[in-house]
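Pasting in a structure now, in structure tokens, and then I'll have a few things to ask.
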Amino acid sequence: MSSDAKALVAGHAAFAEGLVSAVSQITGQSEQFVTMTNTAMSADEIEERMRAVVREHGIHVIFTDLPAGSCTIAARRILRDDADVTLVTGVNLAALLHFMSHGEITSHEAAVSAAERAKGSVLVVGVPGGR
Amino acid sequence: MAVELYRIDDRLIHGQVVVGWGQPLRIGFIALIDDDVAASEWEQELYRMGVPPEMDVYFATVDEACTHLPGWQADPRPGIVLTGDIATMARLVEVCPEIRTVNLGGIHHREGRTIRLRYVYLSPDEEVALKRLADSNVTITAQDVPSARPIPLPDVLESGGA
């Protein structure tokens, strides 16, 4: 984990670690991201751990995997106390890659832009019987 | 009976409940029995946020749950009744004796608890409470997701965390 990290990626099992490893494979960098898993933790432990990571790394953006997930619930509790943190749930690889290249815009704007990229990157190709 | 699962899960409404159980059982509603959540609009909105629109979420105190339970059981849609701890489920069974099965879905590490399964940690008091519940003719099994094997309470209590 890097002290330069700007975003936390959190989710079930090895979701966050896997996603950030993919970022690293594609770009050769992943220092912007800190990861955490919810494995084997109670809701209280997840929130406690997430608050500690946010504090330690000065996190302003949290990416989570699932809207109903326990990491998302914990992140929303943090947002209630900290107006400087933005949550993006339903994150995917396209979103993280886009977030990395946000340049000079604010973390919040970068998060919003990453969310739009995430939505736009989910495509259905082909139709039954089509060529 | 429309209630497919009476579950104890300290994460309350989360991925394993909404997706893990919700999708294969085609769950139409989740009833969260928690006195604190029932008293807080903000908490209710928090848990409602992640649930798909086709799934209803009901919030109730233990006392209110007993009143609502016949309606939930008569609901043609399958549902899940959820508590965050053993004590709340024990209170619920006490006032709603028609509950005959309880699922241990997630009781995680806390000081004073011993690991019994990867997702079940129990304190001595909680073990006593579960045995008392089982003695009142409630079948208790541990099962985190539908594809896992249900583990009967005696096996849970003898397990060292495998």
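Among B:D9, B:D63, B:D144, what is the fewest-to-most ranking by other Cβ atoms within 10 Å?
Listed from fewest to most nearby Cβ atoms, that is B:D63, B:D144, B:D9.
If you don't mind, there's one more thing I want to ask. Could you check which residue among A:S107, A:S30, A:S21 shows the biggest mean-square fluctuation in a GNM of chain A with a 10 Å Cα cutoff?
Highest fluctuation of the listed residues: A:S21.
Give me the angle, in degrees from 0 to 90, between the Cα long axis of helix B:124-135 and the longest principal axis of the Cα atoms of chain B, rounded to the nearest 10.
70
Next up: Counting only other chains, and only Cβ atoms inside 10 Å, what mean value do you get across the residues of A:63-72?
Whole-number average of other-chain Cβ neighbours for A:63-72 is 5.
Distance in nm between label sites at B:A148 and B:A74, each 7 Å beyond Cα in the beta-carbon direction?
The modelled label-to-label distance comes out at 3.5 nm.
If you filter segment A:24-65 for GluC sites (Glu not before Pro), then keep DSSP loop positions with at most 16 other Cβ within 10 Å, what is left?
When the GluC sites (Glu not before Pro) of segment A:24-65 are filtered for loop state and at most 16 Cβ neighbours within 10 Å, A:E31 remain.
While we're here: Quick one: B:Y58, B:Y119, fewest Cβ neighbours within 10 Å first, how do they rank?
Ranking B:Y58, B:Y119 by Cβ neighbours within 10 Å, fewest first, gives B:Y58, B:Y119.
Calculate how steeply helix B:62-74 sits against the longest principal axis of the alpha-carbon atoms of chain B, using the helix alpha-carbon long axis, and give the answer as 0 to 90 degrees to the nearest 10.
70
Relative to the first principal axis of the alpha-carbon coordinates of chain A, what is the inclination of helix A:15-27, with its axis defined by its Cα atoms, in degrees from 0 to 90 and to the nearest 10?
60
Calculate the length of the line joining the C-alpha centroid of segment A:26-75 to that of segment B:88-126, in whole Å.
Result: 27 Å between the Cα centres.
Turning to a different aspect of this structure: Can you give me the long-range amide H partners of A:T86? Hydrogens built in the peptide plane at 1.01 Å from N, cutoff under 5 Å, separation of 5 or more residues or another chain.
Under 5 Å from the amide H of A:T86: A:V61, A:I62.
How far apart, in nanometres, would the label points at B:N137 and B:E45 be if each is projected 7 angstrom from Cα along the Cα-to-Cβ direction?
Taking the simple label geometry, B:N137 and B:E45 are separated by 4.5 nm.
Then there is this: Amide H neighbours of B:H108 under 5 Å, counting only residues 5+ apart in sequence or on other chains, H built in-plane at 1.01 Å?
Close amide H contacts, sequence-distant or interchain: B:D10, B:Y121.
Next up: Per-residue Cβ counts within 10 Å, from other chains only, averaged over B:104-111: what number is that?
Average neighbour count from other chains, rounded to a whole number: 3.
Show me, for segment A:63-77, the HN-Hα J-couplings you get by feeding each phi into the Karplus relation (A = 6.51, B = -1.76, C = 1.60, θ = phi - 60°), rounded to Hz, glycine and proline as x.
For segment A:63-77, the Karplus curve yields 9, 10, 7, 9, x, 8, x, 5, 5, 5, 4, 4, 5, 5, 5 Hz.
List the residues, sorted by chain then number, that are 5 or more residues from B:G50 or on another chain and whose placed amide H is less than 5 Å from its amide H.
none
Quick note: the coordinates plus some simple rules give every number you see, no bench work behind them. None of these values were measured; they are calculated from a predicted model. Glycine gets a Cβ as well: all are built from the backbone with ideal geometry, and neighbour counts include every protein chain shown.
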